[in-house]
Amino acid sequence: MERTGAEQTRPQGQARQRISTLRWSVYVAMLLTAAAWGFILLDGDSGFGDLFRERTWQNAGRFVAGLAGAGTDGASSFAQPGRWLETGRLALNTLAMSVLAMGIAGGGALALLMPGARTVSDGTLGGSPSRAGRGVYAAVRVFYMLTRAIPELVWAMLIVFFLSPGILPGALALGIHNLGIVGRLTSEVVENLDPAPARALRAAGASGPKVLLYGVFPQALPMFLTFLLYRWEVVIRTTVVVGFLNAGGLGREFRLRMSWFHYDEVGLLLAWYLLLVVAVDVLSAQLRRRVRWE
Amino acid sequence: MRQRLETWLTGPRLLTLGIVGALAWSLSRVEWQQPIAHTGGGAAALQVLLALFPPELSGEFLRICVVASWHTMAYAVAGMSLAVLLGLPLGVLASGVLAERQSAGRRVAAASVRLLLAAMRSVHELVWALLFVAAVGLSPMAAILAMAIPYAGILGRIYAELLQDVPSEPIAALKTTGASPLRVLLYGYLPMALPDLLSYTFYRLECGIRAAAIMSFVGIDGIGFQIELSLADLLFRQVWTLLIFLVALVVAVDWWSTRVRRSLAY
């Protein structure tokens, strides 16, 4: 929030341009919102009117009661320890999928850490700038942009086309999308870190890997791990969605039970899902605190 | 021996071991006994790749792409606006800035709103969508609501944090003039936090586009829906065109939100 002296004396033209950007953006946003709602409400059956009908809410109530196990023939899934165990195995698969996805995203981001940072290719971190380095930098950034722009679920749709069902295609889809996100963030950390240690190492004759190991990693690693842990919290929520596409874990079962109207089973799967989400949130918060202390 | 192990197993080493262990465990749960790729998966992959040259560019299909992009954009904007409408009041309540003095009751109220926000964002928007479709039926409104709930949960949490980060001196000055909590909110907290609030909202819009694109999964029209249709018909050239439209849409919104955020930065 602090303003430095240099920023206060920013030329007035720039300030004016910032304000005009802001003004047209707010107008465009307002126009878009109006157009979107106008389109949705006027274009045929939006379902808006249904929200105010009593029958809709009766159905919703019956559905929620069904999730809790009402209206099932025999004992509901919640009352059967065997069902808890079986669905628990699926929950473990889902957890494994999320960990594997983070491994793919993290490993990829680490491998592309140096080529993806502008300060490496333009020689700020020591070494000589080269055209090849700049080309690789641009290629890595475009790769990040593409993997980030395509949602996990679309990646999964494409991947289940080639790979056998299981947690691997799901983890791959999640991993690729998150590689784009984590990779870009980490490269930006490398670009913003203090170049002095790396330059000193380079000047002392250290090889490339040594500069990476002693000049870049110690500064960048805590932030990298923090990003990874934040994304893990998002990924565990998304594993279920990717699982819808035959990718194993809770998601597949969830979708099947949903289409068979086994709502008590859906409720049980939801319970496991929420348990996983809360557990990962807590674990990630703990680990993030540890990482920052080091 | 045990003591030596304990001194060796500290901080970074423990973390490294933990990460390696977790990865090894996750790999052990992959079904390795079956072949990794389908029979014919490699051939299919090649076919998909070759379909990029060139992608489907007929005027008729491009019209479908434009309409699908507009649907995705419209659902994203509608969902986001609803999320802001829900998230802002919840965020204000969760931040506790409305309370005149701290009391146990107020703190419990703020904590329960925070719990509500956490519950809203702990379920992915597509899971909400499936639940809504089962509960109230398939309609664009159900999809918009499904998207708005987790997004409101995230926005509310961040809004609350931003409101709490507002510098305290101007607030104290306002309070000494005898302004009511509502006035302090309207003339103190909100104007001061506005740049950050707007900035984060615009950042989320980019995620909203991707979320709206995959809402197709419950049958809402948009880019994801068209991708699903084309994949089902094995029309890979169309898939490429749609992917190009999706990337262009996301990149355009990303560019816009970056510009807005840069113009809002101090």
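The values are calculated or read from the model by the stated rules, or taken from the named source; none is laboratory data. Quick caveat, the model's predicted, so the values are computed rather than measured. Counting neighbours? That spans all protein chains shown, and the Cβs are built from the backbone with ideal geometry, glycine included. In case anyone asks, the SASA skips ligands and DNA or RNA and just uses the protein heavy atoms, side chains included. Shrake-Rupley method; radii C 1.70, N 1.55, O 1.52, S 1.80 Å.
Which three extents, in whole angstrom, do the alpha-carbon atoms of the protein assembly as shown cover along their principal axes, largest first?
Principal-axis extents of the Cα atoms in the protein assembly as shown, largest first: 74, 71, 68 Å.
I'd like the FRET efficiency for A:K210 and B:L116, computed as 1/(1 + (r/R0)^6) with the beta carbon distance as r and R0 of 51 Å, rounded to 0.05.
0.50
Using the alpha-carbon atoms, what tilt in degrees (0 to 90, nearest 10) does helix A:217-243 show relative to the longest principal axis of chain A?
Relative to chain A, helix A:217-243 is tipped by roughly 20 degrees.
For the range B:8-51 and the range B:209-259, what is the separation of their Cα centres, given in Å?
27 Å
In Å, the Kirkwood hydrodynamic radius of the range B:149-247 over pairs of distinct alpha carbons?
16.7 Å
Roughly how many Å² of A:M145 are accessible to a 1.4 Å probe, to the nearest 10?
Using a 1.4 Å probe on the heavy atoms, I get roughly 60 Å².
When a/c reaches 1.5 or more, the comparison of a/b and b/c decides; with that in mind, is chain B rounded, prolate or oblate per its Cα gyration tensor?
Oblate, because a/c is 1.5 or more while a/b does not exceed b/c.
With the Cα gyration tensor of the range A:150-294 in hand, convert its eigenvalues to equivalent ellipsoid semi-axes via √(5λ) and list them largest first in whole Å.
Computed over the range A:150-294, the values are 39, 18, 9 Å.
Could you state the per residue volume, in Å³, of the convex hull enclosing the Cα atoms of the range B:195-243?
64 Å³
Given contacts defined as C-alpha pairs under 8 Å and at least six residues apart, what's the relative contact order of the range A:78-291, whole-number percent?
Details: 297 pairs, mean separation 60.5, N = 214.
Answer for the range A:78-291 is 28 percent.
What does the accessible area of A:D122 come to, in Å² to the nearest 10, when a probe of 1.4 Å is used?
60 Å²
Can you give the FRET efficiency to the nearest 0.05 for A:W24 and B:Y203, using r as the Cβ-Cβ distance and R₀ = 22 Å?
0.75
Can you give me the long-range amide H partners of B:A37? Hydrogens built in the peptide plane at 1.01 Å from N, cutoff under 5 Å, separation of 5 or more residues or another chain.
Here A:S164 satisfy the definition.
For A:S259, project a label point 7 Å along Cα to C-beta. Then give me every residue of the range A:76-118 with its amide nitrogen under 18 Å of that point.
Answer for the range A:76-118: none.
Treat chain A as a sphere of radius equal to its Kirkwood radius over Cα pairs and apply Stokes-Einstein at 4 °C in a medium of 1.567 mPa s; give the translational diffusion coefficient in µm²/s, rounded to a whole number. Each step should come with its number before you reach the end.
Details: Rh = 23.1 Å.
Reported coefficient: 56 µm²/s.
Using just the Cα positions, wrap the range A:135-204 in a convex hull and report its mean projected area in square nanometres, one decimal place.
The orientation-averaged projected area of the Cα hull of the range A:135-204 comes to 6.5 nm².
How much accessible area does A:E54 have with a 1.4 Å probe, in Å² rounded to the nearest 10?
Its accessible surface works out to 140 Å², give or take rounding.
For the range A:98-113 and the range A:131-154, what is the separation of their C-alpha centers, rounded to whole Å?
That distance is 15 Å.
Taking each residue of B:222-234 in turn, how many C-beta atoms of other protein chains fall within 10 Å of its C-beta, and what is the average?
Per residue, the average neighbour count from other chains is 2.
Which three extents, in angstrom, do the Cα atoms of the range B:56-145 have along their principal axes, listed largest first?
66, 27, 18
Could you give the distance between the Cα centres of the range B:130-201 and the range A:191-244, to the whole Å?
32 Å
Mind listing the Cα extents of the range B:9-80 along all three principal axes, in Å, largest one first?
Principal-axis extents of the range B:9-80 (Cα, largest first): 63, 41, 19 Å.
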